[in-house]
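The values are calculated or read from the model by the stated rules, or taken from the named source; none is laboratory data. For clarity, every value in this text was computed on a predicted model and none was experimentally measured. Because the Cβ atoms are built from the backbone with ideal geometry, glycine has one as well, and the counts that use them run over all protein chains shown.
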Amino acid sequence: MKHLGFVAGCLMATQAAAQTPVLNVYTYDSFVPEWGPGPAIEKAFEMECGCDVVFTAAGDGAALLSRLRLEGARSEADVVVGLDTSLMAQAKATGLFAETDVSAKYDLPVDWIDTTFVPYDWGYFAFVGNVGAKHPTSFKALAESDTTIVIEDPRSSTPGLGLLLWVKEVYGEEASEIWKGLANNIVTVTPGWSEAYGMFLDGEADMVLSYTTSPAYHIIAEDDSSKEAVAFDEGNYMQVEVAAKMANTDQPELADRFLAFLVSDAAQAVLPTTNWMYPAVMPVGGLAEGFKQIVEPEKALLMTPDQAEAVRSEALEEWRSALSQ
Amino acid sequence: MAQRPVAIGRRSGYVAAALILALLGVPLLAIFLRAGGGVLPGPSDWAALRFTLTQASLSAVFSVVLALPVARALARRRFPGRRLMVALTGAPFILPVVVAVMGLLAIFGARGLLNGVAAHFGLGPWRIYGLHGVVLAHVFFNMPLAVRMILQGWQAIPSERFRLAAQLDLPPRQVFRLLEWPMLRQVLPGAMAAIFAICLASFAVALILGGGPRATTVELAIYQAFLFDFDLGRAAVLALMQTSLVAVAAILALLVTRMDGSGTGLDRALPRWDSPGGWRRLADGAGLALAGVFLIGPLLAVAVAGLSGLGDLPSGLWPAIGNSVVVSLLSALSTVVVALALSAAMSRVVQGIGLLPLALSPLVLGTGYFLILNPVIAPGRLALPVTVLVNTLMALPFSLRVLAPAYLRVEADFGRLADTLALRGLSRLRWLLLPRLRAPLGFAAGLAGALSMGDLGVITLFGSEDRQTLPLLMYRLMGAYRSEAAASCGLILMGLSFGIFWLFDRGGGKSHA
């Protein structure tokens, strides 16, 4: 009898599980670990949705989009979190994403008009160095200085692509000259952000391409204010991270609710100190103290997704040939 | 030889070879089908090919040439700590790439030990970044492997030969000409081809230490095609190019390799009476010391860097360790079984096929499997099995290089006797092959297990929430500013890799190594 009861219990449990809708969220790798924003957001959303949120992580933003393209219409994904402005045009062209009504009163330095992609956090790319060193404040000054930098490869990393677009946006036709000037400052190019930042911390270079928010991590999590980011005279290029609903989702309403939750106070308050970016909507409680100590660039640069898509191949070729000489 | 009934049967070897061809070919085919054909590589891809060939050739030559004196010294000298030194030669090779690069930079980097010492004497700073840095790193990774392969060759020369040489008072030059050179001709081409092929697929090391886009390898071009351009056709063509290069290298190696047993001995442990004294003794000592410092320095740096963060590791550590150990043990097991089957074919062609996975990009392989699985099942559910499969393929060439020559020697030396005794099939395996092959089997399994432990593999492509391996955890920590915890993860990873390697290698033990 005991056994029968157990079996019946199991059956009921599976039935109950079958009735709980599952929301599959595809995201990049650094979203899901226990120290990332994933677990807190999952917990908070599950409390109010009566659903089960399942994260699937795939590399970085570019790898995430590649994976979605590989899976195509058969993808189990309902929502994707973690594309950015330089991937948006490509992403939209795949037709894999659906429009959404979700919107919010964004605190972004740019106007947001897109109706497919919902911005959830953002940041400025910047060179980060140690406090006390004399840091150049423009690309031209950097090229003339003997400051050494380590950068990421635009072919395999998001910040690398950001830097490529940054230089192109500011210097256009002259971009190639700027890269030639920077060539002897560049210690090396790494496949991803992690290797570059690790090398900077180990003292291999004076500065590293990262975000203005990087020093906030060291202040808040490590009580270490020895790092600073530099605002450039030309302005700093932005990265806006976005989420979207999949066109083939079997949970369209739940997906919309998740997107709305992502820009609500509950999620936005979590993001700054887990993803180390600025929130897309300022949470009621404001930002942690550490964020107020970091530099804020005066000029925000951002290409439209179409512009970025149009110039990136040419910009890559300029970068490659300037640095290969 | 062709008519003899053989051990586990040649057929199993041919079946295994066909399986490997299928496991490599079908994913490529799947990508071509999906892409609707191939796309010819552009000018920057050809530049990448040129750089790849240059660095891989240089790395292979330097690794093997530098390994020669070390292997020879290890073969003819007996000293305390020799076993440990032989075991340590496995270590750099099995380190996760990023960990090893950080270790190398701690010694050779801008703030490294070397530049620190040089600055004292008013020298330097010396820059590691450039082709020389790439070759240095590849030698660090692969020279120990070459030492092991060559050392095995030395140990396969029957001890009676060396005793005879000592009795005849042959000078070292004659010992070399009569005993050692024929063995080297058998071992060196394979070692060189294997290392050439490993370096072909290098990507992170080449880019980081190469100092920028000049050092773009074909593997990086594949990443670009896949991530930046999402051009699957070009990615597949580039992968095919890479594999063809390995095939050419394998064919060349097989053409110059002579495969024969060096004659039968009584299979006894070998004290070497012929070891020359005088300056040669000093030279051997110096060579071993230099190699030791070169190999151990970066490892120590990794260990030291990892100590401080050990208290700060996330709770996901234990499940990640569990996943990694399971994947590693399964990969070791399946690799050795397949390698043994391939060896049983005793055919050069089959051995050549076994080398092919060396340069196949994990990214392309993973993508191919992904495309095949996707219509049937959500690929994320098979993350760990596919990781085992890809790790097995990646480790196979190394295990095969270790196992196949040993297998061939056993058959050449004892095969006729076994035939007379009508030892066939499983009983031949049990009474002749397994006992004779214990040492290479242990080494092969250790290599496969350790390689699999340290490899990030395809898990990122198939990744899902809860299937985290230790290398993935380490990358995630690195990606979240937590470099101290990541360094500790690296230390644990190194310890586990080494532990698995040591366990198998020791278990195979009883060789005179």
query = How many residues are in contact with a Ser or Thr (Cβ under 8 Å, 6 or more places away or on another chain) and without any contact (Cβ under 8 Å) to a residue 40 or more places away in the chain if we restrict to region A:142-160?
reply = 1
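Just to check your reading of the model, which residue among A:G61, A:G82 is of a type outside the set (D, E, K, R), at positive phi and in the same structural domain as A:V270 (by TED's automatic domain parsing)?
Numbers: A:G61 fails: at positive phi.
None of the others qualify; the one that does is A:G82.
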task = Please specify each residue of region B:329-364 satisfying the condition of being in contact with a helix residue (DSSP H, G or I) (Cβ under 8 Å, 6 or more places away or on another chain), over 29 Å from B:T52 (Cβ atoms) and part of a helix (DSSP H, G or I).
result = B:L329, B:L330, B:A332, B:L333, B:S334, B:V336, B:L340, B:A341, B:S343, B:A344
request  = Mind listing whichever residues of region A:272-302 are over 18 Å from A:P119 (Cα atoms) and surrounded by 19 or more Cβ atoms within 10 Å (Cβ to Cβ)?
outcome  = A:G290, A:F291, A:I294, A:P297
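Before we move on, is B:G81 without any contact (Cβ under 8 Å) to a residue 40 or more places away in the chain and on the phi > 0 side of the Ramachandran plot?
Details: without any contact (Cβ under 8 Å) to a residue 40 or more places away in the chain: yes; on the phi > 0 side of the Ramachandran plot: yes.
Yes; evaluated as a whole, the condition is true for this residue.
Yes or no, residue by residue, for (1) among the small types (G, A, S); (2) within 20 Å of the chain's Cα centre (by Cα); (3) modelled with pLDDT under 85:
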site	(1), (2), (3)
B:P357	no, yes, no
B:P397	no, yes, no
B:L421	no, no, yes
B:R436	no, no, yes
B:G449	yes, yes, no
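In region B:210-219, what residues are assigned to a helix (DSSP H, G or I) and either surrounded by fewer than 24 Cβ atoms within 10 Å (Cβ to Cβ) or within 7 Å of another protein chain (Cβ to nearest Cβ) (or both)? Outline the logic, then answer.
Just the residues of region B:210-219 that are assigned to a helix (DSSP H, G or I), to begin with: B:210, B:213-215, B:218-219.
Scanning region B:210-219 gives B:P213, B:R214.
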key: Leading residue by the ranking (surrounded by the fewest Cβ atoms within 10 Å (Cβ to Cβ)) among those in region B:288-336 that are without any contact (Cβ under 8 Å) to a residue 40 or more places away in the chain and within 27 Å of B:V458 (Cβ to Cβ)   = B:S315
task = List every residue pair whose Cβ atoms sit under 7 Å apart, with the two residues 6 or more apart in sequence or on different chains, where the first one lies in region B:150-171 and is closer than 18 Å to B:A439 by Cβ and the second, anywhere, is basic (K, R) and in a helix (DSSP H, G or I).
result = B:A156/B:R409
remark   = Filtering region A:303-324 down to residues that are surrounded by fewer than 18 Cβ atoms within 10 Å (Cβ to Cβ), of a type in the set (G, A, S) and either in contact with a helix residue (DSSP H, G or I) (Cβ under 7 Å, 6 or more places away or on another chain) or within 13 Å of another protein chain (Cβ to nearest Cβ) (or both) yields A:S313, A:S321, A:S324
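So, A:M282, is that one more than 25 Å from A:E222 (Cα to Cα), assigned to a loop (DSSP other than H, G, I, E, B) and in contact (Cβ under 8 Å) with a residue 40 or more places away in the chain or not?
Numbers: more than 25 Å from A:E222 (Cα to Cα): no; assigned to a loop (DSSP other than H, G, I, E, B): yes; in contact (Cβ under 8 Å) with a residue 40 or more places away in the chain: yes.
So A:M282 fails the test.
How do the helices (runs of 4 or more DSSP H) wholly within region B:377-485 filter down when requiring 3 or more residues that are under 25 Å from B:W154 (Cβ atoms): which remain?
Details: elements: B:383-420, B:425-428, B:438-454, B:459-462, B:470-478.
In region B:377-485, B:383-420, B:438-454 are the helices (runs of 4 or more DSSP H) which contain 3 or more residues that are under 25 Å from B:W154 (Cβ atoms).
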Residue tally, condition within 14 Å of another protein chain (Cβ to nearest Cβ) and either in contact with a helix residue (DSSP H, G or I) (Cβ under 9 Å, 6 or more places away or on another chain) or closer than 15 Å to A:S157 by Cα (or both), over region A:223-245 = 4
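Scanning for something within 9 Å of chain B (Cβ to nearest Cβ), under 16 Å from the mean Cα position of the chain (by Cα) and crowded, with 19+ Cβ neighbours inside 10 Å, does region A:206-221 turn up at least one residue? Give the steps one after another, and end with the answer.
At the first step, the residues of region A:206-221 found to be within 9 Å of chain B (Cβ to nearest Cβ) are A:214, A:217-218, A:221.
Imposing the further condition that a residue be under 16 Å from the mean Cα position of the chain (by Cα) reduces the set to A:214, A:217.
Next, only the ones that are crowded, with 19+ Cβ neighbours inside 10 Å stay: A:214, A:217.
Within region A:206-221, one or more residues are within 9 Å of chain B (Cβ to nearest Cβ), under 16 Å from the mean Cα position of the chain (by Cα) and crowded, with 19+ Cβ neighbours inside 10 Å.
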task = Return a yes/no flag: does region B:52-72 have any residue that is modelled with pLDDT under 90, on the phi < 0 side of the Ramachandran plot and assigned to a helix (DSSP H, G or I).
result = yes
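Here is a yes/no grid of residues against (1) within 13 Å of another protein chain (Cβ to nearest Cβ); (2) under 21 Å from A:D250 (Cβ atoms):
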{"residue": "A:Y26", "(1), (2)": "yes, yes"}
{"residue": "A:P33", "(1), (2)": "yes, no"}
{"residue": "A:D60", "(1), (2)": "yes, no"}
{"residue": "A:R69", "(1), (2)": "yes, yes"}
{"residue": "A:R74", "(1), (2)": "yes, yes"}
{"residue": "A:A93", "(1), (2)": "yes, no"}
{"residue": "A:A98", "(1), (2)": "no, yes"}
remark   = Flagged in region A:39-77 as without any contact (Cβ under 8 Å) to a residue 24 or more places away in the chain, surrounded by 17 or more Cβ atoms within 10 Å (Cβ to Cβ) and closer than 17 Å to A:L262 by Cα, in numbering order, are A:P39, A:E42
